[in-house]
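Worksheet: the structure to be examined is printed underneath.
Readers should treat all values here as calculations from the given coordinates under stated rules, not as data from a laboratory. Treat the numbers as computed from the prediction; the structure is a model and nothing was measured. We place every Cβ from the backbone using ideal geometry, glycine too, and count neighbours over all the protein chains shown.
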Amino acid sequence: MAKHLKKYLRNLIPEGISDFLKEMKELRKTIPKGKERMKMLDEKAENYIKSWSK
């Protein structure tokens, strides 16, 4: 089961995700900690994942 689940998930994740993750890492370094940062990063991640189905 794990092998098939891993293959399924790998097919869902776009190849360019590493660029997005690098961008998110840089934002975490530059934006001060707090609720606003957490909300902004959460919305950015949610929007990115939603864009996969377009």
Residue that is surrounded by the most Cβ atoms within 10 Å (Cβ to Cβ) [pool: residues in segment 27-36 that are free of Cβ contacts under 8 Å to residues at least 12 places away in the same chain and at negative phi]:
Ile31
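Report yes if Leu9 is surrounded by 10 or more Cβ atoms within 10 Å (Cβ to Cβ) and assigned to a helix (DSSP H, G or I), otherwise no. Working first, answer last.
Numbers: surrounded by 10 or more Cβ atoms within 10 Å (Cβ to Cβ): no; assigned to a helix (DSSP H, G or I): yes.
So Leu9 does not fit the description; no.
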What about Lys39, is it loosely packed, with under 12 Cβ neighbours inside 10 Å and basic (Lys, Arg)?
yes
Going by the conditions given, is Lys3 out of contact with any strand residue (DSSP E or B) (no Cβ under 9 Å at 6 or more places or on another chain), loosely packed, with under 10 Cβ neighbours inside 10 Å and among the basic types (Lys, Arg)?
yes
If you go through segment 5-26 one residue at a time, how many are of a type outside the set (Phe, Trp, Tyr), touching a Phe, Trp or Tyr at 6+ places or on another chain (Cβ under 9 Å) and free of Cβ contacts under 8 Å to residues at least 40 places away in the same chain?
4
Mind counting the residues in segment 16-54 that are within 12 Å of the chain's Cα centre (by Cα) and part of a loop (DSSP other than H, G, I, E, B)?
2
